[in-house]
1. Taking the C-alpha atoms of the chain, how large are the radius of gyration and the largest Cα-Cα span, Dmax, in Å?
2. Applying a 10 Å radius around every beta-carbon, put 93-104, 60-71, 607-618 in order of their mean neighbour count, most first.
3. When the Karplus curve 6.51 cos²θ - 1.76 cosθ + 1.60 is applied with θ = phi - 60°, which whole-Hz ³J(HN,Hα) does each residue of the range 272-277 get, with x for Gly and Pro?
4. Would you calculate the separation in nanometres between label points at Asp284 and His54, each defined as 7 Å from the Cα along the Cα-to-beta-carbon direction?
5. Just to check I understand the Karplus step: with θ = phi - 60° and J = 6.51 cos²θ - 1.76 cosθ + 1.60, what whole-Hz values come out for the range 78-84, glycine and proline as x?
6. Between the range 621-641 and the range 358-393, how far is it from one alpha carbon centroid to the other, in angstrom?
7. Can you check what the Kirkwood hydrodynamic radius comes to for the range 40-167, Cα pairs only, in Å to one decimal?
8. Taking R0 as 51 Å, what's the FRET efficiency between Ser668 and Gln412 from their Cβ-Cβ distance, rounded to 0.05?
Amino acid sequence: MPRLILPLFVAAAVLASPLAAQHAFRPDGEFDPSVPAPRAVLGHELGERFTPHHLIVRYLERLAATSPRVRVDTVARTFEGREVLMAIVTSEANQARLDEIRRDAGRVANPRGAVDAEAAAAASRLPAIVWLGYTVHGGEASGTEAALALLYQLAAGRDEETRTILDSAVVLVDPVQNPDGHERHVQDVMRMRGASAVPVTPGAMIHSGNWPGPRTSHYYFDLNRDWFIHSHPETRGRVRSFLSWYPHVAVDLHEMGSNSTYFFAPPMEPLNKNVHASILRWWDIFAAANAAAFDRQGWSYFRREGYDEFYPGYGVSWPILTGAVGMTYEQASSSGGAIRRTDGTVLTLHQAALQHYTAAWATALTSARRARERVRDYLDFRGSAIAEGTGSPIRMIVLERDAFGRADSLVQRLMHNGIAVQRLGRETSVRAATEYGDDRARPARFAAGAWVVDLAQPQGRLAKALLEPDAQLDSGFIAEELESRRTGRPGRFYDVTAWSLPWLFRVRAWTTAESLGALEPGVLAEPATRELPTARHAYAFAMGSETSTRLLGALHAEGVRLWYAPRAFRSGTARFPRGAVLVRVAANDPGIHETVRRLASATGADVHALGSAAVDDGTDLGSNSVVPLRQPRVALLGGDPVGGNSFGFAWYALDRRIGYPVTPIPASGLAGPALDDFNVLVVPSASPAGMERVLGDAARERLAAWVRAGGVLITVDGATAWLASERLGLSRLRARTDTAQAGAAGAALPASVPGAIVRTVPDSLSLLLAGVHDRELPVLVFSDRIYAAPRDVRPGEVVLRHEAQQRLRLTGYIWPEVPARLADTPYLWTERVGRGRLIAFAGDPNFRDLWRGLTPLFANAVFFGPSF
């Protein structure tokens, strides 16, 4: 949305100052004196210190108020309330026709087939649209200083290069993509900064920050992994803006280790197979421009190592799949502002920001000089995506709708990614369709209303990358990685190798090459509202959906007394195949009817009013099998040594996805009374050694006593290895100690799986699977941790076990010997300890908020753990 800017008189005080026409990075340049230089507003020269958010906002306001080349929009507000700003910078003439430019950009982005004269005409007059995003990781803060320098140059510069960029390009500058993390970094450094220069000793406190560091967002998510799942307002606003401008070039400017130099594209292998060949050519074009700019200064740099383009959720991988030339730029970090490197040189914030500024300038200038060619290639990309999808063996992807709303949630996410989704208007049969998880095509019949994604669309390459059952890795790359692993050399897997959204949302899906008729526009209807009658006996709702989970949490939060009927029953037309949560009328206060109606309406949950404890089929609701649910009082362990990302994933799941109150407590406080107010403790991923170091004997003994007295301990990912240790002494679960085959030097080969999706088999009788009816569930394997159940395993303890070796893998890469070790081992384990309970996830069910199909399991652990 357009942002209100300050009137022009706000700059009057700086116009007479000699500071108004200075540039820290281009001291010989000529600038419009009516536009304030950064120092005139910030109070410091760029590169002298990190700029806090309120001064970034103030400076952008001043630029927009004083330069007709600059417009500033607010694209989002963070969870902490900070504005995410984007500056739109171009010539005065282009600013006057900005609406026309956006219409042309949309026309070029959505061609109607291979020959589209209207789109070609729009491409012939469209400036190159260049998006420059800085500091998505809060501590990588030289990018923000470089952004401010670039904005001043474009807003006030009078040289020929500046005019070329302004006339032939629209530059979209996102100066700080992660305002919450960036501000955490700025304040950490500011608190540790003295009157003298920044200490350059690498071990100085100014370079370390507080747990878990400033890299991440408010909920400790890596926003550079959020581009297609959109969990955060920063990403949602950014993607909305992106899909209204359709940039032709997209650069994400980062930092890396202080002892490095500078990285720019082309990236290293592996590349996502959906990256078009034209992008590779443009990588070389921009690399040549960047290299020339750096060579003029004698600066070092590298390409084709360290950073890949396989996972489609990065800040440039997602744009690449829409047709932009997406490029990651990595600058060596100055950490707290100046740091001594291993070669004895001192890298300063000024130097780091200058190098980012130089690369961004070379990129913008190249984009402007080759605007016609770049826009034409973008149009060709969008048109060829339609043609490529038309001939694809997976032309259509069909998503079956489910009673729990998972398919609708997935479709909503696809639509927010700009992907067109349609619906089947009638029941349709095809001769050959391959169901996800199957190895061959079979005849299939799809119900009316099923969702259909036709890959023959301008966003088809992005749609394919997000939905295809198995992202392909090049066989040559795999062979090299196996050899590197055998000989002890570093590997190149950078992130997860599997993310297919139907698996993550637990949605049944098929691919087919056949064109499906009777397709209608895909419209997500508002949930139907119906009057909830007054119940005489109880209100009942099934578990398994996000709406029912939120309703259960809301009822608990208001102190409503609840019961769970675990067996199937039917009351009138309401069927509950595996039980239901009951709100008994007689056991609650007279206002219970209004409370249930209000919360059911707020959450959208499907609630039924029951007139009697007697049912028409199944187990009566007064049965002894119906158990009361204790209200969970939930603590979330944080601080050293807990992993910040995993902490954030669990915090977000409870706070935003499930909507239930949670209290973070520090691991260092477990020796005291920290747990006295809680009956559930969630421990995110943490190393066993780190937990032992922080807890010590006193906290370990107090925690064990708390569990035995009735507490529920839920461990996630690495914390499960701590739970399974003999030293803790609580669980009968143990980590497997057998190793992978020996490498060339005789040492065990590393066996950490680089993010694959595998099958698990559920124990359908477990209360932890309330509302989960699947015969198998996909889960993520992203470590080398494998567990063994004890020989005396009892019914119900292995809630989910990994499938047999032959059926284990669904998608992603797994080292050759791992399936035999992982097969038939526990993924989700529970056991009774005294009056308490242990619940252990081998992986992280909340990983990046991607695994929406596993949210019910984590919610059940929290809500049902205290009651069984």
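The values are calculated or read from the model by the stated rules, or taken from the named source; none is laboratory data. Source: prediction; values computed, not measured. Ideal geometry is used to build each Cβ from the backbone, glycine not excepted, and the neighbour counts take in all protein chains shown. Surface areas here come from the heavy atoms of the whole protein model, side chains and all, with no ligands, DNA or RNA. Shrake-Rupley method; radii C 1.70, N 1.55, O 1.52, S 1.80 Å.
1. Both quantities, over Cα of the chain: 28.5, 88 Å.
2. On the way: 93-104: 15.1, 60-71: 22.2, 607-618: 17.0.
Packing proxy ranking, top to bottom: 60-71, 607-618, 93-104.
3. 4, 5, 8, 6, 6, 4
4. In this crude spin-label approximation the distance works out to 5.2 nm.
5. So the J values, rounded to whole Hz, are 6, 4, 8, x, 7, 6, 9.
6. Each part's Cα centre sits 53 Å from the other's.
7. Numbers: mean 1/r = 0.0605 Å⁻¹.
So the Kirkwood estimate lands at 16.5 Å.
8. According to the calculation, E is roughly 0.80.
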